Amino acid sequence: MLDFDYYIPTKIFFGIDKIEALGGEIKKYSSNIMLVYGGGSIKRTGIYDRAVKILNDNKINFIELSGIKPNPDIKNVREGVVICRKNNIGLILAIGGGSVIDSAKAIAAGALYNGDAWDFYTEKAEIKSALPVAVVLTLAATGSEMNGNSVISDDIKQEKFAVASEHLRPKFSVLDPTYSFSVSEFQTAAGVVDIFAHVCEQYFSPVKGTYVQDRLAEAIYKTCIRYGRVAVDEPTNYEARANLMWAGSLALNDILSYGKYGDWACHAIEHALSAMYDITHGAGLAMIVPKWMEYVLDKENAGKFAEYAKNVWDIRIADETEAAKEGIRKTSEFFKSLKMPSSLKSVKVSKKTLDLMAQKATAGGNIGAFKKLSKNDVFNILDSAF
């Protein structure tokens, strides 16, 4: 296990009606805020009206930025930055899922930067400060409500990059599982895969001796398996929604990665994929993760895959390689049971673009840590997923 410093400062309000904490918490930072959200779902479900009432009751002035879409674009971020600067915004409240939260974080950093927020994502600039961000979560998936990560796309350039900074961690997040009751079957399933994939990226690490982290990771895997299908079939099942919502936060709030480092090749590949095609992140990962597993499996790392097969899928096969293969098959079948796509062809990806995707995924050099992947390796994974 590697040395580490533990720091997860986001305050969590978890449970039914915890949104009532919103007014008092926001006023600790500012009474002049920007409210960021996506389409009309939060208005249809009543979350918007309730949040607005709380803001008004607490005499908190707010300006709205709506229309944040899945795979959020830098265009919306730039618009938000302008609004913040012109109106002396003191806090950004994101109501939604990962795309809305990631956009809010990008705006928060861009508002205090004398340049274009895209510079952070292309590594031309480092985030040194940001406006406070608060969250009301509506979708269990990305874990953005409790981490310092943000992923933004440039639709014109067909690029999609991530940035991480402690300055981007939300000050507080409201997690009311009932707010995810109205999430569609597809988005619920995609969120489960996203959580599962976040665990994979940290579980399959070359760092040895991380027993505690690995057992925590396996618990989150099992939570996805136990409750994923339940949430799809019974959207108002509170137990399923609550467990998945908390699993999503724990999967990517650094608790699994303290003392080790992850792989993140699957995410790099998926970002290249969804930068070029309008594919939901979790759906993209459902097609990539099993093929990555199949491709990187070898005699040297079969033991780790066999451990995964035994502890997550209860597979009892003595031969490590055969156990590993069965664990990978179970993973693929689980994603299929959630009705996630299993091939790039099925979502109308052109085979002619695989080489460009591989090039984009490895633009900064080889990717991965569990096993290093070149551009040719990534192409082979994409080809096998076709």
Q: Give the Debye-formula value of log10 I(q)/I(0) at each listed q (0.14, 0.18, 0.27, 0.28 Å⁻¹), with one equal scatterer per alpha carbon of segment 16-56, two decimals each.
A: -0.33, -0.54, -1.06, -1.10
Q. Which whole number in µm²/s is D for segment 184-385 by Stokes-Einstein, with the Kirkwood Rh taken over Cα pairs at 10 °C and 1.306 mPa s?
A. 93
Q.
Using amide H atoms built in the peptide plane, which far-off residues or other-chain residues are under 5 Å from Val136 H to H?
A. Ala94, Ile95, Gly96, Val174
**Q.** Residues whose placed amide H lies under 5 Å from that of Asp73, excluding near-sequence neighbours
**A.** Ser153
**Q.** For Lys11, residues with placed amide H under 5 Å, excluding near neighbours
**A.** Phe172, Ser173
Q) Toward the positive end of the charge dipole of segment 184-385, about the Cα centre and with charges on Cβ (Lys, Arg +1; Asp, Glu -1), which of Ala363, Gln187, Phe335 goes farthest? A) Ala363
Q) Count of lysine pairs in segment 217-334 with Cα atoms under 20 Å apart, counting only pairs 8 or more residues apart in sequence or on different chains? A) 17
Q) What number, rounded to the nearest 500 deg cm²/dmol, is the helix-based mean residue ellipticity at 222 nm of the chain, given -39500 (n - 2.57) per DSSP H run of at least four residues and division by all its residues? A) -15000 deg cm²/dmol
Q.
Give the residue list of GluC sites (Glu not before Pro) in segment 280-322 that are DSSP loop and have at most 14 other beta-carbon atoms within 10 angstrom.
A. Glu300
**Q.** Inter-probe distance in nm under a simple model that places probes 7 Å from Cα toward Cβ, at Ser374 and Leu112
**A.** 4.4
**Q.** Selected from Val232, Pro290, Gln202, residue furthest toward positive end of dipole (segment 184-385; charges at beta carbon)
**A.** Pro290
Q. So how strong a dipole does segment 287-333 carry about its Cα centre when Lys and Arg Cβ are +1 and Asp and Glu Cβ are -1, to the nearest 20 debye?
A. 120
Q. So for segment 11-179, what are the equivalent ellipsoid semi-axes in whole Å, largest first, each being the square root of 5 times an eigenvalue of the Cα gyration tensor?
A. 24, 17, 14
Q. Can you pull out the trypsin sites (Lys or Arg not before Pro) in segment 202-301 that DSSP calls coil and that have at most 11 other Cβ atoms within 10 Å?
A. Lys208, Lys299
Q | Dipole moment magnitude, nearest 20 debye, segment 184-385 about Cα centre, only Lys, Arg, Asp, Glu C-beta charged | A | 280
Q. Quick one: putting +1 on the C-beta of Lys and Arg, -1 on the C-beta of Asp and Glu, what dipole do you get for the chain around its Cα centre, in Debye to the nearest 20?
A. 560
Q | Distance between modelled label sites at Ser184 and Glu333, nm, 7 Å Cα→Cβ extension | A | 2.9
**Q.** Proximal aspartates and glutamates relative to Lys336, as straight alpha-carbon distance under 16 Å, when same-chain residues fewer than 8 apart are discounted
**A.** Glu185, Asp194, Asp233, Glu326
Q: Multiply the residue separation of Arg215 and Met1 by 0.36 nm, subtract the distance between their alpha-carbon atoms, and state the gained length in nm to one decimal.
A: 75.6 nm
Q.
Taking R0 as 30 Å, what FRET efficiency do you get between Glu20 and Glu234 from their Cβ-Cβ distance, rounded to the nearest 0.05?
A. 0.65
Q: Using only the Cα atoms, work out Rg/Rh for the chain, with Rh taken as the Kirkwood radius, to two decimals.
A: 0.96
Q.
Distance between the C-alpha centers of segment 271-327 and segment 113-144? Whole Å please.
A. 30
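Every number in this text was worked out from the coordinates using simple rules, so none of it is lab data. All values reported here derive from a predicted model rather than from experimental measurement. For neighbour counting, all protein chains shown are included, and Cβ atoms are generated from backbone atoms with ideal geometry for every residue, glycine included.
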